[in-house]
Structure formats: structure tokens, C-alpha cells
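One structure is given below, encoded as C-alpha cells.
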Amino acid sequence: MTDAVSSRTNPDIGGEVTKLGAKPYPAELECDIVTVTGVKLHMRPIRPDDAQSLVNFHLLLSSGSIYRRYFAVHPELSPKEVEHLTTVDYADRFAYIIEDGEELVAVGRYDRIPKTTDAEVAFLVTDHYQHHGIGILLLWHLARAARPNGITHFVAETQADNRGMLGVFRDSGYPLTTSIEDEIVSLRFPIQSTEQSHAHFLRRTTLFEPAEPDDGESS
Amino acid sequence: MMLIINGSTDDAGHEDPGHPERPERLAAALAGVEDLHLGDDLLAVAPYSATRSELVRVHESTYLDQLGAFCYEGGGDLDADTYATYDSWSLAQYAAGAGLAVIKEMRIRGDGVGFVAVRPPGHHALRDRAMGFCLLNNIAVTAAELTSVGERVLIIDWDVHHGNGTQAIFWEDPNVLYVSTHQWPLFPGSGAPFEVGGLNALGATVNLPLPPGATGDVLRQALDETAAPAIDAFKPTWVLVSAGFDAHRADPMADLALSSGDFAQMATFAASFAPAPGRIALFLEGGYDLAALRSSVGAALGALLGSDPANERPTSGGPGAEVVRSNRDAREIALRIAHDASQ
């Protein structure tokens, strides 16, 4: 079994172009995903009322996972941080959460770098669901959400020995530009759908898409 | 055997509500001392604030000025983890001076065990930067005082986080042997086994990273197989311990799986390298579960003082034995490459 997940929608097909700025909650971006182990999870954009779930999620993370994400001890989220992380404009700042029933098990987000068409992207997945390919799915879906908002590139930083995270970017199909300094790998890549990223998505869809009928969003 | 501890300093002014590095930690550590019922065998030395000349041995003067000014302007967040308040500058200087006062008393007596029970902690503080809850590097200030009078100082750092500040400060100092056990991966990200010291001090840094879940038997294996030969060769005249207790299995900040009984055994290990009585002092670093901190402080000091608190049993059976072996190999290769490069 490979380390991957599948989505019921194809994020690399693109989305409707909408105007920049704050938007209402984009319910149309909600979808179900299925891990390679057959676990069905729900993915949706974050909302302000996810605050308590996000606090609980952070408390459940291992110390190593927190360090990988924040490069810091960061033992708990402050109320100010929670508000910042859950209140997004769905344009310049966007976050997806993944739920297993009522429990939040992963968060992925992008934040536009002001006055540029770049956005910083980051993921955090509970230890239990790491190496299930959830990160790559978050990346594709975040790219899909970002493109209509004028974002053309994602940037990210990760530790040089964080093979799991580096593998997500490598396997995404996006053409990466990387540099390394002080054991930190900096990545930048265009997020338009490419033949390669589309092929990577379809390969996973073929392997892991659940047998039930498609919901019509994917190609 | 007498326990020599720094005198009481009111540390309540260094607090950020909700932050885990909080005044209750020091109260818990001191409760661990009280549990030993030492009576007349407990000596509290007077509080001492480190002087500028003592601090600049390990910190840049401009950093000290900036930190002091930051505090007197009201303080705030220095980074994602580290805070300072109006009172922090004064308290940090007392924390940095506490070890100096303790070793001064020990040198006069030629006896005793030192316990530097202070906060804020110190081992992440770099020459020019606060980091990881730490403002001034308390143990480094004391080690630098000792080396200034010709001593050879072994620092054993069993805090669950790597003491990057201490390592960096003494990276090129052949008179300080820095040995660290710590969880990996974990903040601050340094402490790989191939980090073995600078060209002037090759081998004087020993890093023993361990995976989450590692138990006391694995730590002891790492110390016995990799650290002990290096310490024997170094021949320390003083032993200082960065005694964080956040590797305890109950600690919320990390995922090693030690018990208080393991800290007793590690204290005994450290003391076995002290060449004479009155040559070992423990410095409080991390430890964020108050009950575990209390019991572990009691266990570690009890082991050195001949007291026998009801410790939890030492732990065993966790992962990491293969990591100990690969770490040792990585260290040997790094030393060989560095030696060849320096020829």
C-alpha cells in the first residue's frame, strides 16, 4: 500500500474566478476524502467556530510535530492566535481543516505574502494520520482555492531532515525551486495545474477513489 | 552531605499568564527539596546578581543592553516561545548569579552538592539572543567562571530539549565538555550526533538524541557507551548538570518516557565523574508537570545526598537502542572527518 489519499473532487481542475477580498464561507469547497487505509474523512474550509476544535487539535499533537510546524516549542495556542487562525478571508488567507467525525485531524493553510502573488503554505497533521498522504491532498486543494484569488506561487520552509514534508512537495507534481540554508529547505513553486500535477492527482484518484458514484465535481 | 542551594529570590515578576514556564515550577522544585527533610544539611546561600563582567564572558554586551532596555520598556514577546517582563532583567541576573554563589560556597567548604533552583531557565540562551524560555545562560555563566580559574568543566544536560545555547557558547572551548541527552525531533532542532565541537575543541561536544518514547535504559546505554569514554578522557574537575525534568513521561512538553527513578540514576552517573566532594551542582532548566518536577528533583538530589525518597521505578523497554548505536557511529565518523580536515 502506498502512502497517499484520494479526493472525491479534483482540485487541479481549477475553480471559478472570483473577485479579490473577503468572501462568504465557501461551502462549495467542502468535500470528502478517503485515505489509503480506507478511512473516510471530511475536508472543509475553516470557520471561526472551529476555535475550540483547533485548541484541542493542538493539544493532541506530539512535541515533535509541533516543532516541525512552528520551529518552536509553542506548547499551546493563545486566544489571539486561535482567532487569527480561524478567522480567514478565504482569499488572501485561507485554511482547510480535515475532520474524522467530530475530531479535527489536520489543518492546511496559505497566507498571501503582502503585495505579492506568492503565499506561504503550511500543514499540520496529527501523528495518527501522518504518512497517509493527507498533506499532498491539502496542498492540491489549497492550490485550487488560491488560484482564483490571484495567487500564482506557493512558498514553504521545512527542515532538511523532514522527509515526510519534503515528500509531499516532491510528489505533488508541481515544479519546485529549492534552496537550503542552515538546514532549512525553502521551496517555491507555481500552482497552476500542470500536466504532471494533474497526472499525479488522477493516479491517486484511480487507486483510492471510493466505489460510490462521483459527486460531479471532478473530471 | 550538605545541599547548598541559592537563596530565595522572589521570581513572581517573571510570569506570562498561561505560559508553561511559570513561578509554580520553582515552588514545585523547592517542594522536592523539602521532601528530603534535610534539616541542618540544607544551606541557602545569599542571592547574588551576576555582574556585567561575569555575564560578558558568555553573552555579547550589546545583547545585554538590548535585553535590559526591552524589559525596562515593559517587556513582551522576544520570540514565539520566550517572554520578558519589566522584572525579568533583574530576575535573570539573579538567576545567572545563583550558580556563582553556590560554587563559591562549595569551594570554601570543599564539600556538598549544589542545587541552583532558578528561573528563567538558561540553556537555550545564545550569546546574542534569548530563546526557548531562556534569557541568560545560567549554567554557562558558572562554567565560564570555573574555567577562568583553570577548572575543566563537564556539563551534562539531561533536559529533554537540546541545550543549543550552551553548546554554541562552548563550541570552541576545550575546557568544557558538553554532553546532552535529548529527544529528536524536537525544539530547538540542534544536537545531532555529528555535532562534535569546533576545531579547537573537537570531541568536546557529545550529543545523544533519542526518539520519542525512549526510556531510562536507553538513555543509560547512550551515556555509558558514548558519553562515559569521552568524559573519562576529558578528566573533569567540576561537574555541572543542566537538570531539566521535562523528559519525565508525565511532562506535557515532550515525549520521552522517564520516571523520577531514572533521574536518580542519571544524577548518580553524573556524580561518578566528580573528582572530589563538593564538585557537582545541578541547575534547574525545564520541567513543566509540577508533580513530576517535584518528585524528580527529590529523586535526583536524594541520590546525591544519600537520601532515599520513594522514587518511581527506573523505566525500560522503550525504543532507541538502535539509535544509540547509529549515533555513536555518526559521532565517530564526524570526528574522523574533522580530524582529517584539521591536519
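The values are calculated or read from the model by the stated rules, or taken from the named source; none is laboratory data. These numbers come from a predicted model, not from an experiment. Ideal geometry is used to build each Cβ from the backbone, glycine not excepted, and the neighbour counts take in all protein chains shown.
Side notes on the structure shown:
- Considering segment B:170-186, the residues that are among the aromatic types (Phe, Trp, Tyr) and away from chain A (no Cβ under 14 Å) include one that is farthest from the chain's Cα centre (by Cα), namely B:Trp171.
- On inspection, B:Ala69 qualifies as in a helix (DSSP H, G or I) and in contact with a helix residue (DSSP H, G or I) (Cβ under 9 Å, 6 or more places away or on another chain).
- Condition met for A:Glu81 (under 21 Å from B:Asp79 (Cβ atoms) and either over 16 Å from the mean Cα position of the chain (by Cα) or within 14 Å of another protein chain (Cβ to nearest Cβ) (or both)): yes
- Comparison of B:Leu126, B:Leu78 shows that the only residue that is under 20 Å from the mean Cα position of the chain (by Cα), modelled with pLDDT of 95 or more, surrounded by fewer than 24 Cβ atoms within 10 Å (Cβ to Cβ) and under 24 Å from B:Tyr288 (Cβ atoms) is B:Leu126.
- Against the numbered list (1) modelled with pLDDT of 95 or more; (2) within 13 Å of another protein chain (Cβ to nearest Cβ), B:Gly189 comes up short only at (1).
- Test: B:Ala50 is more than 14 Å from chain A (Cβ to nearest Cβ), part of a helix (DSSP H, G or I) and surrounded by 20 or more Cβ atoms within 10 Å (Cβ to Cβ): no
- In segment B:79-102, residue farthest from the other protein chains (Cβ to nearest Cβ) [restricted to those that are in contact with a strand residue (DSSP E or B) (Cβ under 6 Å, 6 or more places away or on another chain) and aliphatic (A, V, I, L, M)]: B:Ala101
- Single residue of segment A:48-76 satisfying the filter (surrounded by 15 or more Cβ atoms within 10 Å (Cβ to Cβ) and away from chain B (no Cβ under 14 Å)) that is nearest to B:Asn164 (Cα to Cα): A:Phe57
- Within the option set B:Asp255, B:Asp246, being surrounded by fewer than 24 Cβ atoms within 10 Å (Cβ to Cβ) and within 14 Å of chain A (Cβ to nearest Cβ) holds for one residue only, B:Asp255.
- Single unsatisfied condition, B:His59 versus (1) in a loop (DSSP other than H, G, I, E, B); (2) free of Cβ contacts under 8 Å to residues at least 60 places away in the same chain; (3) more than 14 Å from every other protein chain (Cβ to nearest Cβ): (2)
- Only residues that are closer than 19 Å to B:Thr166 by Cβ and assigned to a loop (DSSP other than H, G, I, E, B) were counted across segment B:86-129, and they come to 11.
- Pairs, first within 14 Å of chain A (Cβ to nearest Cβ) in segment B:280-292, second among the polar types (S, T, N, Q) and surrounded by 24 or more Cβ atoms within 10 Å (Cβ to Cβ), C-beta under 8 Å, six or more apart: B:Glu285/B:Ser242; B:Gly287/B:Ser296
- Some residue of segment B:240-257 being at pLDDT 95 or above, in contact with a strand residue (DSSP E or B) (Cβ under 7 Å, 6 or more places away or on another chain) and of a type in the set (Val, Ile, Thr): yes
- Scanning segment A:77-97 for residues that are of a type outside the set (A, V, I, L, M) and either farther than 28 Å from A:Gly150 by Cβ or surrounded by fewer than 17 Cβ atoms within 10 Å (Cβ to Cβ) (or both) turns up A:Ser78, A:Pro79, A:Lys80, A:Glu81, A:Glu83, A:His84, A:Thr87, A:Asp89.
- Within segment A:127-171, the set of residues being part of a helix (DSSP H, G or I) and charged (D, E, K, R) comprises A:Asp127, A:Arg144, A:Arg147, A:Arg163, A:Arg170, A:Asp171.
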